[in-house]
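The values are calculated or read from the model by the stated rules, or taken from the named source; none is laboratory data. Worth saying up front: this structure is predicted, and the values here are computed from it rather than measured. Here Cβ is always computed from backbone atoms with ideal geometry, including for glycine, and neighbour counts include all displayed protein chains. For accessibility, only protein heavy atoms count, side chains too; no ligands or nucleic acids. Shrake-Rupley method; radii C 1.70, N 1.55, O 1.52, S 1.80 Å.
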Amino acid sequence: MMTVSSQVKGCFSSIKSAEATLNTLAAKTNDEEMKQICKDVQNTLKTVQLDLESQVLHLTKEEPQYKS
């Protein structure tokens, strides 16, 4: 069974992967609107990443049973 911490870390990895895919899409398109959409979504994902990092730190500091 996965711990909450490992699930949050897995989610973090998935978001980083999605961010990399968006970066690739933005680099391959000539459509400026699409580039802007990718940039906007990447910014949103960056905010989520920071929130998840904060949550992982909280889990490992405050709830030692979640250390992985």
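ASP40: at pLDDT 95 or above and in a helix (DSSP H, G or I), yes or no?
Judged against the criteria, ASP40 is a match.
Residues MET34, MET2: which one is outside any helix (DSSP H, G or I) and of a type outside the set (Asp, Glu)?
None of the other options fit; the residue is MET2.
Within segment 1-59, which residues are of a type in the set (Val, Ile, Thr) and over 14 Å from the mean Cα position of the chain (by Cα)?
Scanning segment 1-59 gives THR3, VAL4, THR24, THR29, ILE37.
Go through segment 12-26 and report how many residues are of a type outside the set (Asp, Glu) and open to solvent by less than 60 Å² (accessible area, probe 1.4 Å).
Total meeting the criteria: 6.
Name the residues in segment 35-55 that are of a type outside the set (Val, Ile, Thr) and surrounded by 14 or more Cβ atoms within 10 Å (Cβ to Cβ), would you?
Once the filter is applied, which keeps residues that are of a type outside the set (Val, Ile, Thr) and surrounded by 14 or more Cβ atoms within 10 Å (Cβ to Cβ), segment 35-55 yields LYS35, CYS38, GLN42, LEU45, GLN49, LEU52, GLN55.
I'm checking my understanding of the structure. Among residues of segment 2-11 that are open to solvent by 50 Å² or more (accessible area, probe 1.4 Å) and among the aliphatic types (A, V, I, L, M), which one is farthest from GLU53 (Cα to Cα)?
MET2
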